[in-house]
Structures are given as C-alpha cells and as structure tokens.
Amino acid sequence: MSRLPLEGIRVADFTLQYQGPYATMMLAHMGAEVIKIESETAPQQEGHDTAGFQRNNASKRSLALNVKDPRGLKAARDLVKISDVFIENYGMGVVERLGLGYEDLRKVKPDIIMVSSQMLGRTGPFKDAIGLWTQVQNFAAQSSLAGYKGRGPGIVGGMWADALAGMLLFFTVLTALRHRNKTGQGQYVEVSMAENLMAAMPEPFMDCAANGRNNGPQENREAALAPHGVYRSQGFDKWVAIAVTSEEEWSAFCKATGHPEWAKDERFADALSRWHHQEELDRLVTQWTLERTDYEAMHILQKAGVPAGPILDAAGMVSDPHLNQRGFFVPLGEMEGRPYTHVAHPWRSSGVPQPFYKLLPPRGGDNSYVLGKLLGMSEAEIARLEKDKVLA
C-alpha cells in the first residue's frame with residue numbers, strides 16, 4: 001500500500017480542548033485532510049502557538065473563521081459541503097444555535113457524517129452538564145476507586161479520559177465511513193465521555209450487580225492477586241510495578257528474588273493466603289526492590305517470567321530506550337523557542353507509509369488554501385473577509 005488509509009477523506013474539525021482534537025489528529029496521521037476551524041473567541045486550554053496546543057492538533061490545516069458572522073457561517077457550511085466528516089465537542093446545543101447542527105448540515109451535504117461528543121451524552125436529565133476530565137472521572141466512579149482508604153476519592157493524574165474518548169471518536173468515524181461506503185448514507189453519532197470511561201472498567205459495576213459489593217479505593221492492589229502493587233526502588237522517587245498472577249509466577253518470583261523460603265511460608269502458601277497477608281508480603285518485597293534500580297528489578301523479574309516494569313515519569317518516558325528504539329517520539333521542529341517532539345500514533349501497520357506528521361501552521365495559515373483553492377473565493381473576497389474580521 002503506497003497511500004495512507006484515509007487519504008481522500010476530508011474532515012471539518014470543529015473541536016476544542018483535548019478529546020475532539022486528539023481524535024481528529026489521529027485521523028490526520030492516517031492521511032485524512034483535517035481542516036481545523038479556529039476562532040479567537042473559542043475557549044481553548046492553551047494558546048495556539050504553544051506546545052500544548054500542538055500536542056493534539058499536529059498534522060492539520062488551520063482555517064480562522066468567525067462562524068457567528070453570517071459570511072463565516074456560510075464558509076463553514078460550504079466547507080462541510082465538500083467534506084466527509086464534521087466533528088464537534090462543544091457544550092450541548094452550541095452548534096445548533098450556530099446553525100451547524102446535524103439537520104442544518106444535511107441540507108448542504110445529505111451524506112455528511114457528523115460526530116458529537118459531550119460529557120454525559122446528548123440525552124437524559126443531565127445532558128446539559130458541562131465539565132472536563134475531572135468531572136468525567138467523578139461521574140464514571142473512577143475517582144471512588146483511586147487513592148487510599150480513609151482519604152476520600154482520588155483523581156487519576158493526566159487527562160486520559162479525554163484520550164480514551166478521542167480514540168472512541170476516531171473509531172466511530174471509521175465505522176460511519178464504512179456504513180456510508182456500504183449504504184451511501186451519512187450518519188449522526190453521539191458519544192458520552194463518561195459512559196465510554198465506564199465501559200472501559202466494568203469490573204466494579206459487575207461486582208456490585210452480582211455480589212452487592214461497593215468497591216472503594218484500590219490502593220494499587222488487586223482484588224485477588226498478591227503481590228500486586230508498586231514498590232520503592234533505588235533512587236529518588238523511583239518505583240517498580242510487580243504483579244504475580246499465578247502459582248507458577250509466585251514460585252518463579254521467589255527464586256528470582258533469591259528468597260525460596262517465601263514459597264514455604266504458610267502465610268504465602270496460596271493466592272488467598274498471600275492476599276490476606278499483603279502488608280507483610282509487601283514489606284518483604286520492598287526490602288528486595290530497594291536494593292535495585294527500577295530497571296534492574298524489571299529485567300530480573302521479566303527474565304523469570306514475572307510481570308514487572310518501572311514507573312516512568314515524563315522524563316523517564318523521554319529517555320526510555322524501548323520507546324526511543326520504536327520511534328515513539330517524532331521531532332517536528334521548534335515550538336516556543338525549543339525543540340518540539342511529537343508523540344507518535346500508538347499502533348504500527350505493515351505495508352502502510354509512515355503516518356503524516358507536521359506542525360499545525362499559525363492560526364489561519366491555510367485560509368487561502370481552504371477559501372481560495374477549495375471553496376473558489378477570489379483573493380479580493382478573502383481580503384475583504386479578513387478586513388472585516390470574519391477570518392479571526
């Protein structure tokens with residue numbers, strides 16, 4: 001295959017914050033022409049010319065457009081007319097009030113695929129609720145499972161609820177394109193961030209439904225396995241994660257750590273016994289890990305067939321030999337006066353060219369291309385729109 005899978009697909013990107021831009025960035029990586037509709041008045045977490053904004057908007061084109069102006073709205077609709085997908089994640093009702101709802105877009109592009117994502121979906125008594133990743137975690141019960149007993153709910157660091165939702169949005173676009181190819185019909189898809197997060201961790205809900213148990217904070221432990229957790233290792237704030245999942249792994253763990261006597265200890269005779277004596281076992285494991293670096297402990301245990309790995313922070317990820325050997329970090333020039341390294345897409349496919357990686361141009365950097373080449377406006381018309389601040 002000499003082309004990227006989504007070459008020839010055009011996406012009108014009306015997304016903001018994290019989840020939506022992450023989805024459209026992956027579409028761009030796979031060859032789709034993604035045109036990001038930007039505005040100075042749109043709420044964004046970071047400014048356009050920052051590494052944080054580039055993180056989820058690389059590989060796209062930028063069209064600066066004030067859709068509150070009738071001329072800007074017409075340009076947006078004209079763009080939809082020549083696009084395959086329109087994707088948005090504004091608050092409930094925003095695009096409808098602007099005149100960019102699904103029924104509005106179907107009038108100009110009957111087979112358009114429109115994807116919308118909101119915190120709690122577009123139906124139900126709380127459909128108008130607004131929130132970011134923290135509120136999604138709270139509503140999806142993830143916060144009740146994080147942290148430690150007696151300290152209240154814990155927030156999981158990082159906006160991975162958004163990233164997970166972005167992957168779902170990416171998937172829904174692919175399925176909708178497949179549906180259109182087979183039927184010739186467009187589709188409207190709506191996504192709930194919270195429901196997506198709930199679906200990714202079904203165990204607590206199943207346990208509650210089947211056994212009446214309401215699980216609290218997990219404290220880095222597992223409901224049926226021990227040892228299972230994170231253990232301090234040599235160095236400042238260095239940790240290694242270890243999980244023993246079977247009797248075979250427990251035997252291998254005892255041999256690899258040089259403590260065969262643990263396997264004969266009645267407190268650790270079987271999985272249930274080890275689980276009931278986790279605190280004593282964790283103290284013994286920590287004594288062993290403190291004598292080694294995180295990577296040393298990983299290599300020793302992995303060689304013995306025991307799941308283990310270092311707890312990496314951001315600096316650790318950047319220097320990790322495995323990630324670097326796989327080409328996970330892609331240099332893309334400079335941002336904010338410093339070298340900018342982009343994170344690669346998270347899969348590899350045989351027979352496909354390298355994904356499309358490119359810095360997002362300055363806001364409105366593709367105005368002439370989109371308005372002139374794609375929509376057929378003259379230079380004078382574009383200049384007039386720019387003078388009237390329609391392109392802002």
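In segment 318-356, the qualifying residues are those that are part of a loop (DSSP other than H, G, I, E, B) and of a type in the set (Lys, Arg), and the one that is modelled with the lowest pLDDT is 348. Can you tell me which residue within segment 249-271, out of those that are in contact (Cβ under 8 Å) with a residue 40 or more places away in the chain and part of a helix (DSSP H, G or I), is surrounded by the fewest Cβ atoms within 10 Å (Cβ to Cβ)? Restricting to residues being in contact (Cβ under 8 Å) with a residue 40 or more places away in the chain and part of a helix (DSSP H, G or I), the top hit is 255.
Entry remark, segment 88-118: residues being under 27 Å from residue 381 (Cβ atoms) and among the hydrophobic types (A, V, I, L, M, F, W, C) number 6 in total. In segment 66-73, the condition of being over 21 Å from residue 392 (Cα atoms) and not small (Gly, Ala, Ser) is met by no residue. Across segment 221-236, the number of residues qualifying as small (Gly, Ala, Ser), assigned to a loop (DSSP other than H, G, I, E, B) and closer than 15 Å to residue 287 by Cβ comes to 1. Among the residues of segment 74-124, write down those that are hydroxyl-bearing (Ser, Thr, Tyr) and within 21 Å of residue 195 (Cβ to Cβ). 90, 102, 116, 117, 123, listed by residue number.
In segment 193-248, which residue that is modelled with pLDDT under 95 and aromatic (Phe, Trp, Tyr) is surrounded by the most Cβ atoms within 10 Å (Cβ to Cβ)? Checking each candidate, the answer is 205. The residues listed here are 115, 136; of these, the one that is surrounded by 23 or more Cβ atoms within 10 Å (Cβ to Cβ), among the aliphatic types (A, V, I, L, M) and part of a helix (DSSP H, G or I) is 136.
Contact annotation: residue pairs with Cβ atoms under 8 Å, 6 or more positions apart or on different chains, pairing a residue in segment 295-319 that is of a type in the set (Ser, Thr, Tyr) with a partner that is modelled with pLDDT of 95 or more and not in a loop (DSSP other than H, G, I, E, B), are 295/310. Just a yes or no: is a residue in segment 192-202 hydroxyl-bearing (Ser, Thr, Tyr) and in a helix (DSSP H, G or I)? Scanning segment 192-202, I find no residue that is hydroxyl-bearing (Ser, Thr, Tyr) and in a helix (DSSP H, G or I), so the answer is no.
For residue 102, are the conditions met, namely being of a type in the set (Phe, Trp, Tyr), in contact (Cβ under 8 Å) with a residue 40 or more places away in the chain and over 30 Å from residue 340 (Cβ atoms)? Yes, satisfied.
Of all the listed residues (359, 391), the sole one being touching a Phe, Trp or Tyr at 6+ places or on another chain (Cβ under 8 Å) and in a loop (DSSP other than H, G, I, E, B) is 359. Scanning segment 364-388 for residues that are in contact (Cβ under 8 Å) with a residue 24 or more places away in the chain and either in a helix (DSSP H, G or I) or farther than 20 Å from residue 10 by Cβ (or both) yields 367, 369, 370, 371, 374, 385, 388.
The values are calculated or read from the model by the stated rules, or taken from the named source; none is laboratory data. Owing to the predicted nature of the structure, the values given are computational and were not obtained by experimental measurement. Using ideal geometry, Cβ is built from the backbone for each residue, glycine included, and neighbour counts are taken over all protein chains shown.
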